[in-house]
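Here is the structure we will look at.
The values are calculated or read from the model by the stated rules, or taken from the named source; none is laboratory data. This structure is a prediction, so every number in the text was calculated from the model and none was measured. Glycine also receives a Cβ, built like all others from the backbone with ideal geometry; neighbour counts cover every protein chain displayed. When the accessible area is computed, the model is the full protein with side chains, heavy atoms only, and any ligands, DNA or RNA have been set aside. Shrake-Rupley method; radii C 1.70, N 1.55, O 1.52, S 1.80 Å.
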Amino acid sequence: MSGILVVERSATLNHLLQRTLQASQVGSWAELTSYADTLDHLQRAADMGQPYGLIMLGAPARSTRDFEDLLMFLRSPRQAKLPLLLLAHEKSAEIDGFISARPETTFLLWANFSRIPAIIRQLAPTPEPAPTETADKGSAMAGTPAFQPDSAHKPANGVRVLFVDDSASVRLAYRQLLDRNGYQTETAGSISEGYQKAINSHFDLMVIDYFLPDGNGDELCRKLRHNPATAQAAIAIITGTYREDVIKRCLEAGAVECTFKNEAKELFLARINGLARQVQMQKSSQSEKQRLEGILGSVGDGVFGVDEQGRISFVNPTALRLLSHDDESSLIGLPAHAVVHHSAGDGQPIEEQDSPLVRAYRSGEPLNNLETVFWNHSRVALPVECSVLPLSVGAQREGSVVVFRDISERKSADRLRWELIHDSLTGLYNARHFSQILTNELLKRREQGGYAAVLYVDIDRYTHIIDAGGVSAGDRLVADIGEAYSKRLREGDVMARLEGDRMALLLTGVALDNLFTIADGFRELAHQCHYIANRHKRNATVSLGVAVLSRETPSAEYALEHARVACKTAKHRGRDQTQIYVGEHDVRVARELEAGWTSRFREALEQNRFEFDLQPIVPLAALAQTESAIEVRNGWRLGSGGPEILFEILIRMRDRRGDVVAPSVFVPLAERVGMMPKIDLWVVQHALKAMSGHEALLGRIAFNINLSNQTLADPESMALVINAIKASSVPARALVFEITETSEMTSMHVVRKVMQQLRDLGCRFALDDFGTGFSSFTHLRHLPVDFVKIEGSFVEGMADNDLDHTMVASIAGLARSMKLAVIGEHVDSFATLQALRDCGVAYAQGNYLGEPRKLAELDFASVLPPI
């Protein structure tokens, strides 16, 4: 016979066939577990000359397309004469038709699998003694040589067996069988009796029936495995069923073999003899262990072994010396994690579940070239490079071996190299190395095209943070922001600390159409970091500048400098802003940016994808003097009624996916592409429409609307705004237009003229972000405004910063002298509210009084104080 091909998808039934073939001494065989692979293999084998004398084919419970294709191939003329043993749980019509069409087919139910050896001898009477082969380049696994029942393969006397079965006749029959074959056998009839015998006497092998009167065999298996005294014994399950779920439970409980009561006794003995040989190998491992210890003693690396629970089982002399232990007794039996690698190099404890070494011990997987620290007997950290290798004796896993070497000298050199290119506080790259990375990225852009972006980050009010909490508070915030940003970086992105509170990021492979959104996401991410001022936790903010790196960028220094300039502009715009710089060398970049965003703004206007939030601006005269006396109505603190309450309309934009785009992103872009006048007109028109639904309240409330300086300087746009107000039923006095003083106004004369036209209608004006620079006092003197809004960064720090308090008091005094009302922004605590009151400020705005809410969902009756 040219060999047997075994095809069975079930791992359990496949294992059963392999054991049966071993006991039957059939010579060579190969196995496959896929019908598709079998068809491919047989087609190629047929082309090369038929290599098989018999195919044993297990049919699936439900027929599949692959199985049907295989049957069709086996009915072909070239394959029809090949002997086939077809095994199935039941005989279907399809199988019956196949057998009728193919005479060289023998059918056998799995329930009669004990007949397999006889059928094989009938179909292939002359077994080959040659070793087994792989069917085709690894597509079929080689079988194992058949068991040879000669004296050389019989186990030595002295192997003790415990046989557990509830039937006295079965126990007697198997005891006689085992005793005749040289085993020392005892029996038990239940789980409790078997467990008691197992713990009171040593047994090398245990054969356990699955169905027992006080439970199932897998329960006894599990108990024996959990008891250290019996955990090493080899366990086999014997059962009258071949159900996969039963076999699986037994193997999972710790059994290493499954035998069947209706199989040939020769096959049962073959399995037991195989287990006995494993026992003998284990008994001989002790001498091998002694030999191994001699070898370990001469190895130059530190070596120690651990069991599967991570307890140290042996240590070589080099490991003792490196770990400063006098002898192994101070380590053997102790958990390696607790005594050797319990903490990181900085002393921070490492939990067991977080330790890669412990995971390797438990899983039995190898771990190579891990750099970590081991702690010696004097509790001094030793830098090491270590590997973990699974340890097996015979086929039995015995734990793991840890091999390590001292790398202190190498780590010292590595540390020096690290310090040359990193910032010691944050662990980020330093400015010098970042410049080198930028240069390399610019070379890549010139070769490959595409874009990268440089983000320049400056923490707002950093001096104030240090004044309030000391240098350590500033350092901690820098480190926190660096850590938060680093977690968001993609592969290929880089971050560095340049100096002080200034950091930079390189974002590679960016698309210009979402560059602003990505960059502004880093600005918003800084809000998740905090610092303490005046015993209050405050959100950090940063000003962020962006420069685009393209093949036209002259140099890395050019990009970094213009990112810095953009950051400075963002800070002048009021802090907590994002600004992009597009220079004279970036004409193509500017064109792509402007074209993409112009289209976005037009779509948003056409599809009404702008939304309004409202935030209250509350008169301090309406608020009680003590915090407990201030009434909170539906989350807002609006006072007890009386003076007019203002509400600022905050515009939000939704992109094509429905995600919110912050004003800090789209307003600078809209100004750049000249779309801000159209957006402002949309805002005024829709605000008037929304206000017309609340005309009854307009004597008590007014709405603040932001107007871009670009819009103010555009006579055509302002004429449309004025006409919209005239056409509306909303009283013009209910409108307060906020204009920012942080940008240069192109024509003071034109702006004053337009403002006066609106004032003539009854509209009022507020000068926003007062105090941030440019020409604040010039604007205050020449522009006809009614309110002054002090820039929020002065307000939020005034409760604990004398300089800010003085600045706010001075601005408030000057404004009052000009008969202007003063509004303080960014009020986040009662202490800040009281400080504003002390300075004579008339209005306050901030999250302490009320966080922004959607205008469309706001019920004014639920938040306004009763009349």
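Brief remarks on what is shown
- Conditions (1) hydrophobic (A, V, I, L, M, F, W, C); (2) out of contact with any helix residue (DSSP H, G or I) (no Cβ under 6 Å at 6 or more places or on another chain); (3) modelled with pLDDT of 90 or more; (4) surrounded by fewer than 21 Cβ atoms within 10 Å (Cβ to Cβ): number failed by L507: (4)
- Filter result (of a type outside the set (G, A, S) and open to solvent by 40 Å² or more (accessible area, probe 1.4 Å)) within the stretch 85-101: H89, E90, K91, E94, D96
- For the residues L108, L71, the requirement of being free of Cβ contacts under 8 Å to residues at least 60 places away in the same chain and assigned to a strand (DSSP E or B) singles out L108.
- Flag for A670 being at pLDDT 85 or above, surrounded by 22 or more Cβ atoms within 10 Å (Cβ to Cβ) and farther than 18 Å from K753 by Cβ: yes
- The set of residues in the stretch 674-697 that are open to solvent by 20 Å² or more (accessible area, probe 1.4 Å) and over 19 Å from E716 (Cβ atoms) comprises H686, K689, A690, S692, G693, H694, E695, A696, L697.
- Residue, nearest to F374 (Cα to Cα), within the stretch 322-332, restricted to residues that are open to solvent by less than 40 Å² (accessible area, probe 1.4 Å) and assigned to a loop (DSSP other than H, G, I, E, B): L323
- The stretch 532-547, residues that are modelled with pLDDT under 90 and either of a type in the set (G, A, S) or touching a Lys or Arg at 6+ places or on another chain (Cβ under 7 Å) (or both): A533
- Residue match in the stretch 335-345 (condition: in contact with a Ser or Thr (Cβ under 8 Å, 6 or more places away or on another chain) and touching a residue at least 60 places away in the same chain (Cβ under 8 Å)): no
- Number of positions in the stretch 537-557 that are part of a helix (DSSP H, G or I) and open to solvent by 40 Å² or more (accessible area, probe 1.4 Å): 1
- Lone qualifier among A621, A566, A604, A570 - being modelled with pLDDT under 90 and either in contact with a Leu (Cβ under 6 Å, 6 or more places away or on another chain) or in a helix (DSSP H, G or I) (or both): A570
- Filter pass, A452 being of a type in the set (A, V, I, L, M, F, W, C) and touching a Leu at 6+ places or on another chain (Cβ under 9 Å): yes
- Of the residues making up the stretch 814-856, those that are part of a loop (DSSP other than H, G, I, E, B), open to solvent by 60 Å² or more (accessible area, probe 1.4 Å) and under 16 Å from V632 (Cβ atoms) are D828, N847, E851.
- Residue among R445, R497, R502 that alone is more than 20 Å from N430 (Cα to Cα) and either charged (D, E, K, R) or touching a residue at least 60 places away in the same chain (Cβ under 8 Å) (or both): R445
- Those strands (runs of 3 or more DSSP E) lying entirely in the stretch 373-480 with at least 1 residues open to solvent by 30 Å² or more (accessible area, probe 1.4 Å): 381-393, 396-406
- Of the set (1) part of a helix (DSSP H, G or I); (2) open to solvent by less than 50 Å² (accessible area, probe 1.4 Å); (3) within 26 Å of P356 (Cβ to Cβ); (4) at pLDDT 90 or above, all apply to E483 but (2).
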